[in-house]
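Right, one structure below, let's go through it.
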Amino acid sequence: GNRGRTGVVVAAYMHYSNISASADQALDRFAMRRFYEDKALPVGQPSQKRYVRYFSGLLSGHIKINNKPLFLHHVIMHGIPNFESKGGCRPFLKIYQAMQPVYTSGIYNVQGDSHTSICITIEPGLLLKGDILLKCYHKRFRSPIRDVVFRVQFHTCAIHDLGVVFGKNELDQTFKDERFPEYGKVEFVFSFGPEKIKGMGHLENGPQVSVDYNTQDPLIRWDSYENFNRGCEDTGDGGLQSSCRNMNR
C-alpha cells in the first residue's frame, strides 16, 4: 500500500547519489535502481513527482529556498467539475499544515456550466509555512458522504510567485477524473502579509454561487488525518469511515 511513497524516497536518493556519490558507489546506485524497478511502484501522483523535483532542484541549486512568509488569500477553481446529476458541485476546502488542520471553508453551492469559476476567499490571509496539503471535497446533497474533488501538496520553501496555478494534470487523483474538465485548473493567490489584497474585486463570485458557513456538520469537521500516525485515510467511497492499519505491525 505504501510502495508509491517508497518510490518517492528511492527516486530522491537516486537524484542525491547522481550528484554527490563517488565513482566507487556506482554499484550501489545500480542496486538501488534495480530495487526501484522491481519492488517500488512508479512515482504516480503529481504531488509525489513535485516533491522529487523539489529535492532535485534544491540539490542542484536550481531551486532557491524561499524564507519569506506566505499568506493565502484566494483559492480559485477555474472550470467546475460535474459532481451533481444536473451539473455543478458543492465544494469545500480543508487545508493542512504539517498534517494538522488549519482551515476549513464553508460549503459552496455552484450551479452552472463547467466554464464557471469559483473563488474561495480567506480573510485575513492564512499564514502557511512548510508542507501544505489542500483537499477540496464535494458534499453530496442530502447524503452523509463526501467525494474528493482535488488534492494538491506543496512546500512553501519552493514557492516564489504570489500567484501559483496547478493544471488538471498537476492535481492528485483529479488528473484522471473525467468529472473534472480537461481545461480546469486551480489558482492560489498569496501575499507577504495578512491584510486584504486591494484590487481583487473581480474575483467575487456571481449569483450562481451560494455559501453555507455551517461548518458544524460532522461531515465537514471530520478530519481524515487526525489519526495519521496510525495510517488512517479517506475510504474510496468518501464516507465517514477510515481504514486504519497498525503501522507498527
**Asked** Just a yes or no: is a residue in the range 133-145 at pLDDT below 90, charged (D, E, K, R) and not in a strand (DSSP E or B)?
**Response** yes
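Results for (1) crowded, with 21+ Cβ neighbours inside 10 Å; (2) hydroxyl-bearing (Ser, Thr, Tyr); (3) under 16 Å from the mean Cα position of the chain (by Cα), shown as yes or no for each residue.
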{"site": "109", "(1), (2), (3)": "no, no, no"}
{"site": "123", "(1), (2), (3)": "no, no, no"}
{"site": "130", "(1), (2), (3)": "no, no, yes"}
{"site": "136", "(1), (2), (3)": "yes, no, yes"}
{"site": "146", "(1), (2), (3)": "yes, no, no"}
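Within the range 61-70, does at least one residue satisfy the condition of being under 18 Å from residue 153 (Cα atoms), surrounded by 18 or more Cβ atoms within 10 Å (Cβ to Cβ) and in contact with a helix residue (DSSP H, G or I) (Cβ under 7 Å, 6 or more places away or on another chain)? Talk me through it step by step, then tell me what you get.
Looking only at the range 61-70, we keep the residues that are under 18 Å from residue 153 (Cα atoms), and these are 63, 65-66, 69-70.
Remaining after also requiring surrounded by 18 or more Cβ atoms within 10 Å (Cβ to Cβ): 70.
Those left that are additionally in contact with a helix residue (DSSP H, G or I) (Cβ under 7 Å, 6 or more places away or on another chain): 70.
Looking for residues that are under 18 Å from residue 153 (Cα atoms), surrounded by 18 or more Cβ atoms within 10 Å (Cβ to Cβ) and in contact with a helix residue (DSSP H, G or I) (Cβ under 7 Å, 6 or more places away or on another chain), one finds at least one in the range 61-70, hence yes.
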**Request:** Hey, could you check the range 175-222 for residues that are polar (S, T, N, Q) and touching a residue at least 40 places away in the same chain (Cβ under 8 Å) and say which is nearest to residue 95 (Cα to Cα)?
**Result:** 215
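Among the residues of the range 85-99, which ones are hydroxyl-bearing (Ser, Thr, Tyr) and under 15 Å from residue 143 (Cβ atoms)? I'd like the intermediate steps shown before the answer.
Of the range 85-99, the ones hydroxyl-bearing (Ser, Thr, Tyr) are 85, 96.
Across the range 85-99, the qualifying residue is only 85.
The values are calculated or read from the model by the stated rules, or taken from the named source; none is laboratory data. Predicted model, so just to flag it, every value in this text is computed and none were measured. Neighbour counts are summed over all protein chains in view; Cβ atoms, including those assigned to glycine, are modelled from backbone coordinates with ideal geometry.
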